[in-house]
Structure formats: structure tokens, C-alpha cells
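Okay, structure first, notes after.
The values are calculated or read from the model by the stated rules, or taken from the named source; none is laboratory data. Note that the coordinates shown come from a computational prediction; the quantities given were computed from them, not determined experimentally. Note: ideal-geometry Cβ built from the backbone for every residue, glycine included; neighbour counts use all protein chains shown.
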Amino acid sequence: MTAEYLLVETHGAWAGPAGVRFIEDAGALAASGERVMLLLIQDGVTSALPGAAPALGELIEGGGSVCVDRLSLAQRALAPETLHERVRVVEIETLARKLLEPGVRVVWH
């Protein structure tokens with residue numbers, strides 16, 4: 001059985017290479033057959049803007065999912081329609097539910 005990973009990114013791609021590497025790591029996990037959800041919160045939501053983090057598209061193509069926190073978007077005056085087309089906007093309750101699911105491995109950056 002494959003593990004399920006929840007990776008939470010709080011920094012935007014503009015904050016330096018660590019955020020981009022984190023997204024690349026999520027993509028590598030997905031490409032290896034693991035179930036991966038990347039949740040972008042706080043400044044991390046800026047990585048969902050088109051062209052901000054090319055690794056995001058690779059993660060999605062590799063089978064991972066990418067979610068963006070609605071409140072974080074609103075706090076940064078970003079509209080959902082301005083994001084990468086395959087990113088899903090969610091409420092923060094999604095994070096709370098995933099944190100409590102058995103078998104979910106959480107990595108927070």
C-alpha cells in the first residue's frame with residue numbers, strides 16, 4: 001500500500017529556492033507512485049500563479065494534486081481564476097481533516 005502525503009507550503013516561490021525544491025520533492029513523490037496532495041497556504045498561494053513555480057505543473061502531471069487555501073488567497077487579493085488551471089481552491093477545513101486522517105504523512109514547510 002502506498003502512503004498518502006500531505007505537503008503544506010507556506011512560502012511563495014519568490015521567497016527563495018527552498019519553496020521550489022519543496023514543490024519538486026512533492027512531484028518526485030508523486031512520480032514514484034505515492035499519493036500526494038500539496039496544500040498552498042499563507043504566502044505559498046503565490047506559487048499557484050501561472051509561471052511562478054513550473055514544478056507545480058510537473059507535480060500535477062505526475063499524479064499529485066494541488067490545493068490552495070481560499071482565505072490565504074483572499075488575504076492577498078488573489079482571485080481563484082488567476083491561478084494555474086488545475087489547482088483546486090479549498091477551505092482550511094481540508095487541512096484539518098487531512099491532518100487527522102490515519103495513514104497521512106504530513107510535511108510542513
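For the stretch 97-109, a residue qualifies if it is surrounded by 14 or more Cβ atoms within 10 Å (Cβ to Cβ) and touching a Ser or Thr at 6+ places or on another chain (Cβ under 9 Å), and exactly one does: His109. Across the stretch 1-23, the qualifying residues are those that are at pLDDT below 90 and surrounded by fewer than 19 Cβ atoms within 10 Å (Cβ to Cβ), and the one among them that is farthest from Leu40 (Cα to Cα) is Met1.
Of the residues making up the stretch 64-91, just one is modelled with pLDDT of 95 or more, in contact with a strand residue (DSSP E or B) (Cβ under 6 Å, 6 or more places away or on another chain) and part of a helix (DSSP H, G or I), namely Arg70. Selection of the stretch 40-63 for residues being part of a loop (DSSP other than H, G, I, E, B) and either of a type outside the set (Gly, Ala, Ser) or modelled with pLDDT of 95 or more (or both) yields Ile41, Leu49, Pro50.
Tell me whether the stretch 18-28 contains one or more residues that are in a loop (DSSP other than H, G, I, E, B) and of a type in the set (Gly, Ala, Ser). Within the stretch 18-28 (the criterion being in a loop (DSSP other than H, G, I, E, B) and of a type in the set (Gly, Ala, Ser)), the answer is no, since none of the residues qualifies. Summed over the stretch 58-86, the residues that are within 11 Å of the chain's Cα centre (by Cα) and over 14 Å from Val36 (Cβ atoms) give a count of 2. Regarding Gly33, is this residue assigned to a loop (DSSP other than H, G, I, E, B) and at pLDDT below 95? Yes; evaluated as a whole, the condition is true for this residue. Among the numbered conditions (1) of a type in the set (Ser, Thr, Tyr); (2) outside any strand (DSSP E or B); (3) buried (at least 19 other Cβ atoms within 10 Å of the Cβ), the only one that Thr94 does not meet is (3). When we screen Gly63, Gly57 for residues that are within 11 Å of Gly27 (Cα to Cα), of a type outside the set (Asp, Glu), touching a residue at least 24 places away in the same chain (Cβ under 8 Å) and surrounded by fewer than 16 Cβ atoms within 10 Å (Cβ to Cβ), the only hit is Gly63. Take the conditions surrounded by 12 or more Cβ atoms within 10 Å (Cβ to Cβ), under 22 Å from Ala30 (Cβ atoms), free of Cβ contacts under 8 Å to residues at least 60 places away in the same chain and among the basic types (Lys, Arg) and apply them to Arg86. Does it pass? Here the answer is yes, as Arg86 does meet what is asked. Cβ-Cβ contacts under 8 Å between residues 6 or more apart (or on different chains), taken from a first residue in the stretch 14-31 that is of a type in the set (Asp, Glu) to a second residue that is in a helix (DSSP H, G or I) and surrounded by fewer than 23 Cβ atoms within 10 Å (Cβ to Cβ), are listed as Glu24/Ala55; Glu24/Glu58.
Thr46 passes every criterion in (1) surrounded by fewer than 18 Cβ atoms within 10 Å (Cβ to Cβ); (2) at negative phi; (3) of a type in the set (S, T, N, Q) apart from (1).
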